[in-house]
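Here the structure is laid out as structure tokens; the discussion comes afterwards.
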Amino acid sequence: MINSPASSRIWHRRAGFCVLMLALSLPFSAGNALAQGAPKPLLPSLGAPKPLLPPASDSNSPASAVQTAPSPSADSGTTNAKDGISVNSLDTVSGESVGTIGRDESALPASMWDGTPRSAIQRMLALVGEAPATAALRDLMLRILLSPAAVPQATDPTDQTSVVNARIDALERLGAWPDYIRLLDIAPAGNDETALPPAMRARLKTDAGFLTGDTGTSCTIAREAMLALPEDRYWQKAGAFCQALDDEWESVEFNLRLMLELGDQDARYFELMRAVSGTISNLPQMPEAAQLRPLDIAMMRVAGVAPAMPDPGAVPPSLIPVLTSFKALRFEDRLRLAERGERLGLVDRSELIALYELVDIDPSQMQNALTAAAADPSANGRALLFRAIASQTLPLARAQAIQQALNLGRNEGRYGATARLYAPLIQEIPTTSPYAWFAADAASVFIAAGMSEAAAPWMEMAAREARMGPEQATAWRDAVIMSRLSAGEDVPLEKNFLREWWRGVRNIAPENAPARATLLFGLLEATGAETPGTVWRGLIDQAAPKDTKSPPPALLWARRDAAANGRLGEGALLTVLSLSGAELMEYDTGTLTESVRALSELGLDQDAYRLSLDIYLAASSVSAQATAGE
């Protein structure tokens with residue numbers, strides 16, 4: 001109870017802490033003071049190679065106590081994926097072969113770095129950071145970083161940098177926090193440059209917990225470390241925050257007084273500690289999240305203080321999972337971050353739906369959700385439409401509404417995201433003849449969402465429906481193209497199929513038809529089909545050039561050489577890097593189709609198929625937008 005003796009004592013201790021701050025005349029209220037003594041931001045360089053604590057050399061150190069996995073031995077063989085996986089290789093490098101996924105989780109071969117110099121691996125890993133263009137490309141990047149694989153020795157004896165540490169650093173920049181922590185736990189320990197010092201492991205795991213909201217793990221580490229390393233400011237500050245969470249205000253006051261007497265000028269920390277204590281209500285505006293330390297973010301989460309958010313679209317990928325659940329942020333910003341995160345593979349569909357459920361909607365709007373969503377092409381409008389469709393119990397009404405939602409998604413350039421959102425709802429619609437008109441839409445959604453088995457009965461129904469007229473035939477052909485791109489030659493195309501497809505596309509949108517044909521035939525060829533030269537000759541003067549983005553030429557040529565010579569890890573990593581930091585349709589057609597071809601040549605057929613499908617869907621959305629604009 002608020003007025004209980006225990007609560008009263010805690011409040012008096014908090015008040016005493018506030019008086020202490022004021023008595024020492026810290027300039028808390030001035031914005032300049034927050035910047036004056038503030039440490040340099042930790043993000044986005046969370047995994048900096050230099051340790052932030054002195055390396056521990058004995059088994060009694062606090063960092064050793066918090067180390068969660070032993071260093072793998074050179075002859076350890078392969079262990080369970082949950083405990084970390086090691087690949088037998090050269091004795092001097094076997095510790096760096098650790099990974100966290102096995103073959104049953106689509107790990108890449110242990111020999112994936114064969115033929116690639118260690119220095120090249122390091123330089124490529126340093127380029128990882130910008131978000132891959134699609135969730136599937138992100139998945140491939142994570143498999144590269146998490147697969148157990150032998151790493152070549154350095155040709156330069158002075159090169160002692162750690163490849164596994166570079167992988168951990170790359171995971172941090174991608175915002176893959178659960179994977180980051182798993183690899184961090186099993187990274188080989190040691191105090192040389194090729195290993196991860198135990199003290200550094202403790203610091204990085206503590207920061208990761210503060211960022212992701214796992215303060216329990218962080219505080220377990222911090223409390224132990226602050227006692228063993230009383231001279232280290234980081235641990236003292238983290239430990240004092242953890243004491244505040246447990247209402248140990250006498251200890252908090254003692255530690256903060258000590259910091260102040262030692263001349264600590266970290267004004268932002270002290271200001272946020274006052275916010276955590278509840279003894280201050282008005283704080284100067286905090287910087288953007290990328291300019292804050294993990295401890296700052298943890299304190300702000302507890303105190304209900306939001307970082308600045310001028311543009312949710314500019315938030316670094318590493319922080320999207322962190323901020324989506326940050327309740328102090330404006331709800332509209334969280335919603336935009338969640339939609340962006342779902343598209344990039346950073347946020348799960350269930351998390352997005354949970355936010356959709358929190359949108360404040362007038363009950364009267366539910367009756368006219370389609371009209372309202374068409375007039376409001378924002379996250380709020382999409383939330384309204386999803387909730388209205390999800391609440392629809394009649395299968396016929398649901399199918400009609402989903403069809404309209406898919407059209408809206410395609411016109412907004414969001415077809416893939418819309419398909420993933422509604423695919424589970426379509427599973428509740430029966431595959432019977434009264435829904436034949438919906439068959440091509442349903443099949444396309446399931447294919448786009450990676451649910452090919454669910455698409456099969458709808459595809460059969462769509463093929464029969466295609467005989468009913470040109471509109472139905474066009475929708476069926478589009479579904480067949482999607483099926484072919486997602487499965488390669490396992491889905492054969494009938495004779496004259498592409499000729500009929502070309503005719504249909506040209507009738508619907510003649511201005512966009514040459515560009516769509518160029519892209520489709522390029523994707524088919526990149527995944528194993530033969531394209532007659534007459535096709536290309538017929539298109540050379542029809543597809544108008546446009547302003548597009550292209551990766552650095554050296555990166556593309558390096559990728560081509562890696563693919564041609566079977567250097568799997570190198571070619572796959574360069575492919576993802578070549579399509580990172582921009583939308584798919586911002587790249588030129590040649591870059592896109594050659595990226596698919598590179599994956600095919602490397603034997604990554606499923607990744608090539610998925611990328612070709614994503615490219616086709618993105619191009620279809622662009623074409624739909626252009627047609628709608630006309």
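The table that follows gives values for the structure above.
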read-out: Residues with amide H under 5 Å from that of residue 587, placed H, sequence gap 5 or more; value: 549
read-out: The stretch 411-569 - percent of accessible surface contributed by carbon and sulfur, probe 1.4 Å; value: 51 percent
read-out: Leading residue at positive end of dipole, the stretch 210-364 (Cβ point charges), from 350, 277, 313; value: 313
read-out: Per residue accessible area in Å² of the stretch 143-242, where ligands, DNA and RNA are left out and the probe is 1.4 Å; value: 31 Å²
read-out: Length added when fully stretched, residue 192-residue 161, from 0.36 nm per residue minus Cα-Cα; value: 10.3 nm
read-out: Charge context of residue 118, other residues only, Cβ under 14 angstrom, K/R +1, D/E -1; value: -3
read-out: Loop-located trypsin sites (Lys or Arg not before Pro) in the stretch 480-520, at most 12 other Cβ atoms within 10 Å (DSSP); value: 495
read-out: Share of pairwise Cα separations in the stretch 170-267, more than 18 Å, in percent; value: 52 percent
read-out: List 141, 309, ordered by accessible area with a 1.4 Å probe, largest first; value: 309, 141
read-out: Burial order of peptide ranges 594-606, 518-530 (average beta-carbon count within 10 Å, highest first); value: 594-606, 518-530
read-out: Most to least packed among 312-319, 96-103, 609-616 [average Cβ atoms within 10 Å]; value: 609-616, 96-103, 312-319
read-out: Carbon plus sulfur fraction of accessible area for the stretch 220-305, probe 1.4 Å, in percent; value: 49 percent
read-out: Amide H contacts of residue 288 (H built 1.01 Å from N, under 5 Å, at least 5 apart or other chain); value: 308
read-out: Cα-derived Rg over Rh, computed across the stretch 444-556 with Rh taken as Kirkwood radius; value: 1.00
read-out: For the stretch 130-216: span of alpha carbons on each principal axis (Å, largest first); value: 39, 32, 20
read-out: Residue-normalised accessible area of the stretch 430-575, expressed per residue, 1.4 Å probe, Å²; value: 52 Å²
read-out: Net charge of Cβ neighbours under 10 Å - reference residue 286; Lys, Arg +1; Asp, Glu -1; value: -2
read-out: Local electrostatic count, residue 489, Cβ distance below 14 Å [Lys/Arg +1, Asp/Glu -1]; value: -4
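The values are calculated or read from the model by the stated rules, or taken from the named source; none is laboratory data. Note that the coordinates shown come from a computational prediction; the quantities given were computed from them, not determined experimentally. Quick reminder, even Gly has a Cβ in these numbers, built from the backbone with ideal geometry, and neighbours come from all protein chains shown. To get the accessible areas, we keep the full protein, side chains included, count just its heavy atoms, and leave off ligands, DNA and RNA. Shrake-Rupley method; radii C 1.70, N 1.55, O 1.52, S 1.80 Å.
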